[in-house]
C-alpha cells in the first residue's frame, strides 16, 4: 500500500512538472492569466482511470531514472536539459497510455481530493 501511495505521489509530482512546462510551451492562456479548462473532476471512465494507473507507474519509473541523472548533473544548463528531457518522456508515457496530459492531470487532482477514487485507482494499479 505504501509503495502504491508513493507511486502516485511521484506521478502527481511529475504531472505538475508536465503541466508547467506543457502550458508554457503550448497554452497561450497560461501567459495571459486566463483560466484553462480541465476535465470534470468526477466524470472519468474506468478505462481512463486504468490508463492513469498504467501511466503513473511508467512515470514513476521515468521520474526515478531522471532524478538520479539530475542529482549527478553539473551546472544549471545540464540540469535544465535533463528536466526538459524527463518532461518530454513523461508526456510521451501519458500519451502512450491513451490519455492526454490535461486529462491525466485532472484525474491526478481528482484523486487527491477524493480518497475513494484514489483507492479505486490504486487497486487498478495493483492488477
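The values are calculated or read from the model by the stated rules, or taken from the named source; none is laboratory data. Note that the coordinates shown come from a computational prediction; the quantities given were computed from them, not determined experimentally. When we count neighbours, we look across all protein chains shown, and the Cβ atoms used for this are built from the backbone with ideal geometry, even at glycine.
Return the only residue of 57, 79 being part of a helix (DSSP H, G or I) and either surrounded by fewer than 16 Cβ atoms within 10 Å (Cβ to Cβ) or free of Cβ contacts under 8 Å to residues at least 60 places away in the same chain (or both). Walk me through how you get there before you give the answer.
On the way: 57 fails: either surrounded by fewer than 16 Cβ atoms within 10 Å (Cβ to Cβ) or free of Cβ contacts under 8 Å to residues at least 60 places away in the same chain (or both).
79 is the lone residue from the list that is part of a helix (DSSP H, G or I) and either surrounded by fewer than 16 Cβ atoms within 10 Å (Cβ to Cβ) or free of Cβ contacts under 8 Å to residues at least 60 places away in the same chain (or both).
Only residues that are surrounded by fewer than 17 Cβ atoms within 10 Å (Cβ to Cβ) and outside any helix (DSSP H, G or I): list them for region 86-113, please.
98, 100
From the list 85, 76, which one is at pLDDT 90 or above, touching a helix residue (DSSP H, G or I) at 6+ places or on another chain (Cβ under 9 Å) and more than 19 Å from residue 127 (Cβ to Cβ)? I'd like the intermediate steps shown before the answer.
Numbers: 76 fails: touching a helix residue (DSSP H, G or I) at 6+ places or on another chain (Cβ under 9 Å).
Just one listed residue meets the conditions, 85.
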